[in-house]
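Read through the structure below, which is laid out as structure tokens, and then see the notes.
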Amino acid sequence: SDGSIRLHQMTSEYPLMQWNDSTNGQPVIALQWALTRPAVFFVLDASSNIYIWDLLENDLLPMVKQAIPSDNVVTMAVLGEPEKKTGLLGIALAKESGLIDIQYVKKKWALP
């Protein structure tokens, strides 16, 4: 609820990494790992901002912050085919109005 994100290992109750105030204090609504690239994850905050993290490139800050204007995003789902080497990766955004928006991400965050 405070915008912090914690990365845990299954064998420990203590986080490996913790990013405080990673969404400028906005509650985290959803967080999902990329299906095609294990070091990439996506975060949706309560202000309809999407953050793309690539831990291989930068483990301190997200690589991208993208605002989704005009219609609140209430949840997201990550799309991709990890068994294929095409590097196709997307995010389905469910909006408050009932619309579903599909966004595809750049290949550099999708390729294995």
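The values are calculated or read from the model by the stated rules, or taken from the named source; none is laboratory data. This one's a predicted model, so the numbers in the text were calculated from it and none came from an experiment. Neighbour counts are summed over all protein chains in view; Cβ atoms, including those assigned to glycine, are modelled from backbone coordinates with ideal geometry. Only protein heavy atoms, including side chains, enter the accessible area calculation; ligands, DNA and RNA are left aside. Shrake-Rupley method; radii C 1.70, N 1.55, O 1.52, S 1.80 Å.
For the stretch 5-109, please report how many Lys pairs fall under 21 Å Cα to Cα, leaving out neighbours fewer than 8 apart on the same chain.
Close lysine pairs found across the stretch 5-109: 10.
If you put +1 on each Lys and Arg Cβ and -1 on each Asp and Glu Cβ, how big is the dipole of the chain around its Cα centre, in Debye rounded to 20?
440 debye
At 1.4 Å probe size, put Leu31, Leu56, Leu61, Leu7 in order of accessible surface, largest to smallest.
Largest to smallest exposure gives the sequence Leu56, Leu61, Leu31, Leu7.
Under a plain spin-label model, where a point goes 7 Å from the Cα along Cα-to-Cβ, how far apart in nm are Tyr14 and Met63?
Placing both labels 7 Å along Cα→Cβ, they lie 3.0 nm apart.
So which trypsin sites (Lys or Arg not before Pro) in the stretch 28-112 end up in coil per DSSP with only 10 or fewer other C-beta atoms within 10 Å?
Taking the stretch 28-112 and a limit of 10 other Cβ atoms within 10 Å, the loop trypsin sites (Lys or Arg not before Pro) found are Lys84, Lys85.
Tell me the accessible surface of Ile50 in square angstrom (1.4 angstrom probe, heavy atoms of protein chains only), to the nearest ten.
Accessible area, nearest 10 Å²: 10 Å².
With a 1.4 Å probe and every protein chain left in place, work out the accessible area per residue of the chain in Å², rounded to a whole number.
60 Å²
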